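Scroll down for the structure; my scribbles are underneath it.
The values are calculated or read from the model by the stated rules, or taken from the named source; none is laboratory data. Remember, it's a predicted structure, so these values are computed and weren't measured experimentally. Ideal geometry is used to build each Cβ from the backbone, glycine not excepted, and the neighbour counts take in all protein chains shown. Areas reflect the complete protein model, heavy atoms only, side chains present, ligands, DNA and RNA absent. Shrake-Rupley method; radii C 1.70, N 1.55, O 1.52, S 1.80 Å.
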Amino acid sequence: MNPIFKFLAELQDVTLIIWRSFVSLFSSPRYYSETIRQMDMIGVGSLPIVLLTGFFTGGVLVLQTFPTLEYYSIQNESGRSVATSLIRELGPVLSALMVSGRIGSAISAELGSMVVSQQIDAMRALGTDPIRKLVLPRIVALIVMLPLLTVGADIFGLIGGAVVANTIYNQEIPVFVESVKNGISTSDIIGGIIKPLFFGLIIGSVACHKGLSTKGGTVGVGRSVTNSVVTASIWVIIFDFFLSKALQYLLDIGRF
Amino acid sequence: MLSANDAEIQAVPADKLQPMDISDAIDQPHRSQPAIEFRDVYLAFDDNVILDGISFSVRRGETKIVLGRSGGGKSTLIRLILGLLKPDAGQILIDGEEITGYDEPEMMDVRHKIGMVFQEGALFDSLSVYQNVAYRLLERGEDDEEVEAEVRRMLRFVDLEDAIDKMPNELSGGMRRRVGIARALVGDPQIVLYDEPTAGLDPPTARTICELAIKLRDLQDVSSIFVTHEMNNVRYLSSEYATVNDAGEVIYEKEGERLCLINTEIIMLRDGKIGFQGKDEELMRSKDPYIMGFIHGKLGP
């Protein structure tokens, strides 16, 4: 198939999954316990890697930027640089990429192996809609949990930055904190929470689509997992650009 | 021979448990309506024609055995009945209701009437045997005690009550199929579809699966489609019937002078069309080289 048609067909399938999930929100049956279970797996399960990523990203930002800021004698603004880059960009994007790797792959592998072992067909044959039972709880859980994980990554990133600034560059903690406070606005925080809502939707819908469209046995499951992580990650990065532009316009972020 | 406990699943009294006579269909007009009907159904994947104008019907209490080579559209028939696939043309009727144009929510209601036994069992790996068999009832939100009673009844029917707390990965291939049958039978569907339920099983286990299908056909009046390519299954299903003896035990007897089975017919798919339709005796007498090759396991390219 022509690559453009293939892309459009996939886009149509993902859009249909999102639409059917959205419509399922408004009618019974609803699978609350499955949604809570997914929230636990996605949110609590991903917490350590996301916090670790945030901590070391904050740390390395200070490590790399502090000498430059020092050169211009504005090293007291190191907190501001870390906070703005973390909260606006790196927190949401890196959390989404980590979750895409950990959860997107797990979702597509689980659904893919259910497809090849006919469990999805069995579910439909038993009168259950897989979109309602499997897809919707995962998408909802990702949309709810990814912003919370992002906030956790942001906080640990700032802690990482403060630790590096203090231990390596001997900057006083209150100076760093004051710089952070001056550097970020409410709009930054709102923007940093809006982005992961969309990223959660992207990761969930792409992973579910790739899983449910698995073909070709166990080899196909492996292919679905790879495609899911790569596609979701690329879409997160592309969407991040357009979301940043939209948020700049809507929330007046990053303009002086 | 199965125990008396197994007979409790029967819906009709033991003295009436004989294969249907043609006069029953006349006495009970609703029985004249086929449980499943295909009318000139076409299906192709790209240029590959899978079904090329298939028409047949399955009467109530009848078993249609569908034979054919691998990839010949046998399983596709079943997927069409369940609405997992849609035909390119033609009509499919379940209980006289045309389902061809139904969307997914409408098909959910139709699927409640149908039990489906998958090739490998298709049990949900993350759920126990109990949860698998109870799946349909739990989805309906039925009372826990009633669910457990029904699950135990079904597991007794397939002689697996002891496995109720096991996970699917602890079961053998044959046990998985039997749990699959128990799951399909919950809610007493009047239509059961078997998709190669004995593939890869040892002969005694395959025989047990066939006996379950015979028991459902003759004691429960279930209409079914039994997809297979194993001639042993054809022999069992088309020459034996289940009845209940004086001790209340389910027994299997061969058709003969006393009783001739009229509730089982064979369909053979060939190049997307029905290559043969009739009784097992007619199949065995056929001089068609393709059919003879199929029966004797020497199918040409």
Counting only residues that are assigned to a helix (DSSP H, G or I), surrounded by fewer than 16 Cβ atoms within 10 Å (Cβ to Cβ) and more than 7 Å from chain A (Cβ to nearest Cβ), the range B:104-130 contains a total of 3
Considering A:T167, A:T214, A:T186, which residue is β-branched (V, I, T) and closer than 24 Å to A:L148 by Cβ? A:T186
For the range A:5-56, which positions are within 14 Å of chain B (Cβ to nearest Cβ), surrounded by 15 or more Cβ atoms within 10 Å (Cβ to Cβ) and among the polar types (S, T, N, Q)? A:S21, A:S24, A:Q38
May I ask you to list the residues in the range B:191-210 that are crowded, with 19+ Cβ neighbours inside 10 Å and either under 10 Å from the mean Cα position of the chain (by Cα) or among the acidic types (D, E) (or both)? B:I191, B:V192, B:L193, B:Y194, B:D195, B:E196, B:P197, B:C210
Within the set of pairs 6 or more residues apart or between chains, which connect a residue that is more than 15 Å from A:G211 (Cα to Cα) inside the range A:1-23 to a residue that is in a helix (DSSP H, G or I) and among the small types (G, A, S) with Cβ atoms less than 8 Å apart? A:M1/A:A9; A:S21/A:S205
Please give the strands (runs of 3 or more DSSP E) falling wholly within the range B:184-301 in which 1 or more residues are of a type in the set (G, A, S). B:223-227, B:240-244, B:273-278
When restricted to B:V66, B:V129, the only residue over 15 Å from B:G187 (Cα atoms), among the aliphatic types (A, V, I, L, M) and over 16 Å from the mean Cα position of the chain (by Cα) is B:V129
Being touching a residue at least 40 places away in the same chain (Cβ under 8 Å) and within 14 Å of chain B (Cβ to nearest Cβ) narrows it down to one of A:A109, A:A122, A:A141, so name that one. A:A109
If A:A106 satisfies every condition in (1) touching a helix residue (DSSP H, G or I) at 6+ places or on another chain (Cβ under 7 Å); (2) in a helix (DSSP H, G or I) but one, which is the exception? (1)
I'd like to know if the range B:76-96 contains one or more residues that are facing chain A (nearest Cβ under 10 Å), without any contact (Cβ under 8 Å) to a residue 24 or more places away in the chain, assigned to a loop (DSSP other than H, G, I, E, B) and open to solvent by 10 Å² or more (accessible area, probe 1.4 Å). yes
Hey, can you tell me all the residues within the range B:131-142 that are under 16 Å from A:R124 (Cα atoms), facing another protein chain (nearest Cβ under 9 Å) and either open to solvent by 40 Å² or more (accessible area, probe 1.4 Å) or of a type in the set (V, I, T) (or both)? B:E139, B:R140
Scan of the range A:203-256 for residues that are open to solvent by 30 Å² or more (accessible area, probe 1.4 Å), of a type in the set (S, T, N, Q) and under 15 Å from the mean Cα position of the chain (by Cα), ordered by number: A:T231
Just give me the residues in the range A:57-71 being touching a residue at least 24 places away in the same chain (Cβ under 8 Å), more than 20 Å from A:S95 (Cβ to Cβ) and open to solvent by less than 60 Å² (accessible area, probe 1.4 Å), in sequence order. A:F66
Considering the range B:55-75, residues that are open to solvent by less than 40 Å² (accessible area, probe 1.4 Å) and outside any strand (DSSP E or B), and then whichever is nearest to A:A122 (Cα to Cα), we arrive at B:S75
Residue under question is A:G220, and the condition is that it be out of contact with any Pro (no Cβ under 8 Å at 6 or more places or on another chain) and in a helix (DSSP H, G or I); does it hold? yes
What about A:L134, is it within 14 Å of another protein chain (Cβ to nearest Cβ) and closer than 26 Å to A:V44 by Cβ? yes
